[in-house]
Amino acid sequence: MLSGLRARLDRLLARIRRVERRELRDFRRWVEHTNNLLHLSVLVFVPLLIALVTYLSNASTALSFLLFPPLASGTYTLFSDPEGKYASPPKFVGGMTAGAVCGFLALELSGVAGINGSGVGFQSVSALDAGLSIFLTGAVTWALDLEEPTAFSTALLTLLTGGSRGEYVLSVVLSSAFVATAFYAWRELFYGRRAEYLYRTTQGDDHVLVPVRGETADETAMFAAHIAAAHDAGKVVLLDLVSEDEIAEAEAGLRRTADEATAADTGPADEAGDRMTEAQEQVAGQAAMRLERLAGRIRTRVGVPCEVVVASEGGNPDGVVLQTADETNCDLVVTPYEERHGSLSPFVKSLFDSAIDVVAFRSVSARSRWRRVLVAVARPGDNAHAMLDFAQRVARATGTVSVCTCIDGESQRRQAESMLVDLVDPFDGTFETRVSRDSIQRFLSANAPSHDLIVVGASTDRTAASRFLAPPTFEKVRDLDCDVAIVHRGG
């Protein structure tokens, strides 16, 4: 009874762990979207910073509560648009300080002129003071290039501080400097390096498995080697799948050789078993020799470690590939592109349906270096990040990477440009971004001759209905005069 209870408890714990891993994976994919990350940062950091400044204001009389309205709105502006016009810590501090100082000067000038404030309630603010403070703030922020919306808020709020306006100016300086420092640290140490912390391919996909299949297996292996070589821990594993037909053909050859050598009738069962074993060893040995020659060229040209594996294909080649990837600790499969009846072959489809990252590589140029790479992006997300990462790895520091997207109308241009900027910003290096009104087919067809490689998504993150209504890009551009890499992000 206790053993049965323990078994049920173990199954429950295993199920909970699977749910936790799935939820963590889904959350990581969600937070890879820049807009989601910014919204999350606003929800977390803005309340925390305002709460901390409030705590300090309660503990010190030098901080006035009147600083919180402009401080809260300014903090939101910083974290919601860290690359925007107002996302400058010096301008943030300078703008709020300039506004407070201008409000202070307006009160001093009106006091020297003997103008008394008039208003309703316990706070009495002169209309002249309000107008003068705004005029001074506009002039100062314009002259010093400190055009901050919060400056006008602090200028007006200074008028409500009465005799403690000097302390209010000091509180604005201290609190804005504190928030600006926190924002700068967040932007430089986390937001600017979010690819390193959040994007899975930038941390992994350095052990690459290559099924050596078809006529372009050598070019595919070289492409995979360039991806792996971008990481210090990178390696390539070459896999040759031996079919039953090859073994049967080798066994038939051994049988013919044995028949020619002797006409004697020996034990058929044992001899048949020996021939089968010898045929398997012969086919595996020949495959290993071919792989070793290819591995030697990869080590020499790319300088990345390379291993070879020979396995029996059986009736499930894609299953063997996935099992081998697991056994050799590979997190990326790069396979030659295959078609059947005008569509993806069942082998590639099965890999695209798996939980491992996959790149299907179609070589038409027999090249082994790709310096000019064009990445076609339809939407932001983890798949787009993987495409950019792989493109940058292949192009290396001496190459160029262009990122494009296509729109239906000019009203979508600004949003598309902003999306491309958000996509390329976390990556080191220089990118060209392009937004086109052409269809994706015409755009890629026109630009393919001037590029060595085009990277597109496999659209496996879309629903079946969406793929039916709008086929994946790679299905629309089969005749491109350029090498093509089709990227699938696994689970």
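If only one of D438, D428, D389 is touching a helix residue (DSSP H, G or I) at 6+ places or on another chain (Cβ under 9 Å), farther than 26 Å from G214 by Cα and in a helix (DSSP H, G or I), which one is it? Exactly one residue qualifies, and that residue is D389. The sole residue among T300, T328 that is more than 22 Å from G214 (Cβ to Cβ), at pLDDT 60 or above and not small (G, A, S) is T300.
If the condition is being surrounded by fewer than 15 Cβ atoms within 10 Å (Cβ to Cβ) and farther than 14 Å from E432 by Cα, then the range 399-421 contributes D408, G409, E410, S411, R413, R414, Q415.
The condition of being surrounded by 15 or more Cβ atoms within 10 Å (Cβ to Cβ) and farther than 30 Å from F431 by Cα holds for only one of V302, V377, V310, V358, that being V310.
For the range 182-249, the helices (runs of 4 or more DSSP H) that sit wholly inside it and include 1 or more residues that are out of contact with any Asp or Glu (no Cβ under 9 Å at 6 or more places or on another chain) and modelled with pLDDT of 85 or more are 217-229. Which residues, counting only those in the range 470-481, are in a loop (DSSP other than H, G, I, E, B) and either modelled with pLDDT under 75 or within 19 Å of T335 (Cβ to Cβ) (or both)? A470, P471, P472, V477, R478, L480 - these are the residues of the range 470-481 that are in a loop (DSSP other than H, G, I, E, B) and either modelled with pLDDT under 75 or within 19 Å of T335 (Cβ to Cβ) (or both). Scan the range 392-401 for residues that are part of a strand (DSSP E or B) and out of contact with any Lys or Arg (no Cβ under 6 Å at 6 or more places or on another chain) and the total you get is 1. Across the range 415-431, not a single residue is classified as over 28 Å from F27 (Cα atoms) and at pLDDT 90 or above.
Please verify whether the range 62-81 includes one or more residues that are acidic (D, E) and either in contact with a Lys or Arg (Cβ under 9 Å, 6 or more places away or on another chain) or in a helix (DSSP H, G or I) (or both). Within the range 62-81 (the criterion being acidic (D, E) and either in contact with a Lys or Arg (Cβ under 9 Å, 6 or more places away or on another chain) or in a helix (DSSP H, G or I) (or both)), the answer is no, since none of the residues qualifies.
Here's a check for you: in the range 322-355, which residue that is aliphatic (A, V, I, L, M) and within 20 Å of A229 (Cβ to Cβ) is surrounded by the most Cβ atoms within 10 Å (Cβ to Cβ)? Here the residue is V333.
The values are calculated or read from the model by the stated rules, or taken from the named source; none is laboratory data. In this text the structure is predicted, and so the values were computed from the model without any measurement. Cβ: placed from backbone, ideal geometry, glycine included. Neighbour counts: every protein chain shown.
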